[in-house]
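In what follows, a structure is listed as C-alpha cells, so that the remarks can point back to it.
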Amino acid sequence: MRRTLKRCPGCGAKNTARPAHKVCDNCTDAIRKWSEHLATANAIREHSTVKLKGAYHWYPMFYFGGPHARIDGFDAVRTELAQLFEEAGTRACVEIFDWKDTPFEQRENSQDLYARPDVRHPKKKGEAYGERAEYPTSEGGPSYHDQYGKIDARMLELLRLLWDRTARFAEMSYIGGLQDGRNLLLQLSSGQLSTGDLDKQDLRIARKRQNAAFLQRKLAQPQGSTRMPLPEKP
Ligand SMILES: [Zn+2]
C-alpha cells in the first residue's frame, strides 16, 4: 500500500503517513461518527422533516387583503412578523441537515414549515370540490431548498397553529375596522352622528395611528442585532 506525507485532503494535517488513496485516521473516524449520527437522527419517528431555506426562500406572508390606507410601519411589521415565524421555525428544528444528509424518501415526504391550509366551502351539485376559502396569508410558496430540518411533530403543530391564529386574528381585526367604518357612515347618513362627532372620531383614529407608528419605531428589531446565529452542525 502506497503511503504519502502529503496533507490530508480532509483536515489538512501533514504529520502522519496515510494510505495515498485515503483521508487520515481522524477524518475516517469523523466521517464514521457523522454517518452514525445521521442514521440515528433520521430514524427518530417523532420528528417531521421540513424544508428549510436554500438559495432563496419565501416567507409566509400575512394579510394580503389588507388596508389600502397608508399606515406608517404596517409593511415593516408585516415583513418582520413573517421573518420571525420563519426564524422561530428554523430554530425549533432539533437538527438541520444538508440535502445530501437527508434520505431521498424523507426529502420527498418533507413539508413546508408553514403551509396555507386547504379549506373548502361545501361543494355544490356537480362539483368535485367546493370553492377554496380565502385565507389571510400568501401561499408559503415552492422554492429551492438545500437544507432540511428535523422538528418535533408537536412543536411543528404549535408553530402552525400560532401562524394560523395570528393571520386570522389580524384579518378579523381588519374586518372589524371595516365594519366600524361602515357603521360610522350609516350613522352619518341617518343623522345619528353630527359632523362634529365625526371630527372627534377622526382625531381619535389619528391618535391611534400615531401611537401604532410610534410603537413600531421604538420596538422594531434592527436586522441582525439581536438575532443569534443558528446552531452549527456538531
Ligand atoms: Zn484528515
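Just so you know, all these numbers are worked out from the coordinates, no wet-lab data involved. If you're wondering where the values come from, they're calculated on a predicted model, not measured in any experiment. Here Cβ is always computed from backbone atoms with ideal geometry, including for glycine, and neighbour counts include all displayed protein chains.
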Treat each spin label as a single point 7 Å out from the Cα along the C-beta direction, and report the Ala13 to Ala220 distance in nm. 5.1
Among Leu156, Val119, Thr166, pick out the residue whose Cα is farthest towards the positive end of the charge dipole of the chain, where Lys and Arg carry +1 and Asp and Glu carry -1 on C-beta, about the Cα centre. Leu156
Under the Cβ-under-4.7 Å rule, which cysteines of the chain stay unpaired? Cys11, Cys27, Cys93
For the pair Lys200 and Gln111, how long in nm is the line joining their label points, each one 7 Å along Cα→Cβ? 5.1
Give me the number: length gained by fully extending Arg165 to Leu178, i.e. 0.36 nm times residue separation minus the C-alpha to C-alpha distance, one decimal in nm. 2.7 nm
Among the complete DSSP H segments of the chain, which ones combine at least 18 Å of alpha-carbon extent along their axis with a mean Kyte-Doolittle hydropathy of -0.5 or more? 74-91, 153-189
What aspartates and glutamates sit close enough to Lys6 to cross-link, taking a C-alpha to C-alpha distance under 13 Å and skipping anything fewer than 8 places away on the same chain? none
Sorted largest first, the C-alpha extents of the stretch 1-111 along its principal axes in whole angstrom are 76, 32, 19
Eight or more residues apart or on different chains, and alpha-carbon atoms under 23 Å: count the Lys pairs in the stretch 43-219 matching that. 7
With +1 on each Lys and Arg Cβ and -1 on each Asp and Glu Cβ, and nothing else charged, work out how big the dipole of the chain is about its Cα centre, in Debye to the nearest 20. 820
Highest mean first, what order results for 113-125, 91-103 on Cβ atoms within 10 Å? 91-103, 113-125
If you average the sequence gap of Cα pairs under 8 Å that are 6 or more apart and divide by the length of the chain, what percent do you get for the contact order? 25
When the Kirkwood radius is taken over all Cα pairs of the stretch 43-219, what Stokes-Einstein diffusion coefficient follows at 20 °C and 1.002 mPa s, in µm²/s? 110
Percent of Cα-Cα pairs per 5 Å bin, from 0 to the last occupied bin, for the stretch 120-190, please list those. 3, 11, 10, 14, 15, 14, 13, 9, 5, 2, 2, 1, 0
Using packing as a proxy for protection, rank 146-158, 23-35 so that the peptide with the highest average count of other Cβ atoms within 10 Å comes first. 146-158, 23-35
Skipping prolines and chain starts, which residues have an amide H placed within reach, meaning under 5 Å, of the one on Thr4, given they are 5 or more residues away or on another chain? Arg18, Ala20
With a point put 7 Å past each Cα toward its Cβ, work out how far Val94 is from Val119 in nm, to one decimal. 3.1
Estimate the FRET efficiency between Arg3 and Glu36 by the formula 1/(1 + (r/R0)^6), using the beta-carbon distance for r and 35 Å for R0, to the nearest 0.05. 0.80
Aspartates and glutamates whose Cα lies under 20 Å from that of Lys14, excluding same-chain neighbours fewer than 8 positions away: Asp25, Asp29
